[in-house]
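Taking it in order: structure first as structure tokens, then the write-up.
The values are calculated or read from the model by the stated rules, or taken from the named source; none is laboratory data. Not measured: the values here are computed from a predicted model. Cβ: placed from backbone, ideal geometry, glycine included. Neighbour counts: every protein chain shown.
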Amino acid sequence: MGTWDIGPFENDMAADFAYTLDETPKDKCESLVRATLTRTIQTRDYLESPEGAEAVAAVALIAAQCPGGKPISTSYGPDEVLPIFANDLQPLAVAALDRVVAEASELAELWDETPDGPRWRQNISGLRAVLAPEPELQEDQLFDL
């Protein structure tokens, strides 16, 4: 697999996933993203790197539509405008990310063997934070702690 940077679309599998999305009818894009996330979550044994890379790309597309999400600005992402995804994809995206960084994940293992591994994990954590933000404590709640 060719990888040239730590971004969600900076590898061959994610770029191919973006191309597939561009070729998919608009009304089927969400189903493709959902199937990618579901397949990742349901992998009980070792998660291979290509599946992990596709899942991270799918998650980045969902996160881009959330408050605080970063737009996909790389030329390797989808060229076509995507539909607004259903909110129920966000918990699936979080579960998929958790699976990608789990112990039995080739993608995580490969990144952990590189000097850029911590930066990659930081990017993954950033995506997760957009999808499942920590509730902010109000000032009056701080005194109850």
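Couple of notes before you dig in:
- Residue count for the range 106-125, restricted to those that are in a helix (DSSP H, G or I), of a type outside the set (F, W, Y) and either crowded, with 21+ Cβ neighbours inside 10 Å or touching a residue at least 24 places away in the same chain (Cβ under 8 Å) (or both): 7
- Meets criteria (in contact (Cβ under 8 Å) with a residue 12 or more places away in the chain and touching a Ser or Thr at 6+ places or on another chain (Cβ under 6 Å)) for A58: yes
- Here the range 16-55 is the region considered, the condition is being of a type in the set (A, V, I, L, M), in contact with a helix residue (DSSP H, G or I) (Cβ under 7 Å, 6 or more places away or on another chain) and free of Cβ contacts under 8 Å to residues at least 60 places away in the same chain, and the residue that is surrounded by the fewest Cβ atoms within 10 Å (Cβ to Cβ) is L32.
- Single residue of A129, A58 found to be of a type in the set (A, V, I, L, M), surrounded by 12 or more Cβ atoms within 10 Å (Cβ to Cβ) and over 22 Å from A15 (Cβ atoms): A129
- Residue list for the range 35-47, filter: assigned to a loop (DSSP other than H, G, I, E, B) and farther than 22 Å from S125 by Cβ: R44, D45, Y46
- Given (1) under 19 Å from T40 (Cα atoms); (2) modelled with pLDDT of 95 or more; (3) exposed (fewer than 10 other Cβ atoms within 10 Å of the Cβ), index of the condition E103 fails: (2)
- In this structure, L92 qualifies as crowded, with 19+ Cβ neighbours inside 10 Å, among the hydrophobic types (A, V, I, L, M, F, W, C) and within 11 Å of the chain's Cα centre (by Cα).
- E10 being under 21 Å from G117 (Cβ atoms), surrounded by 13 or more Cβ atoms within 10 Å (Cβ to Cβ) and in contact with a Ser or Thr (Cβ under 6 Å, 6 or more places away or on another chain): no
Residue-by-condition table, conditions (1) at pLDDT below 95; (2) not in a loop (DSSP other than H, G, I, E, B):
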| site | (1), (2) |
| --- | --- |
| A14 | no, yes |
| Y19 | no, yes |
| V33 | no, yes |
| A60 | no, yes |
| S75 | yes, no |
| P78 | no, no |
| L97 | no, yes |
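- Boolean, T114 is hydroxyl-bearing (S, T, Y) and modelled with pLDDT of 95 or more: yes
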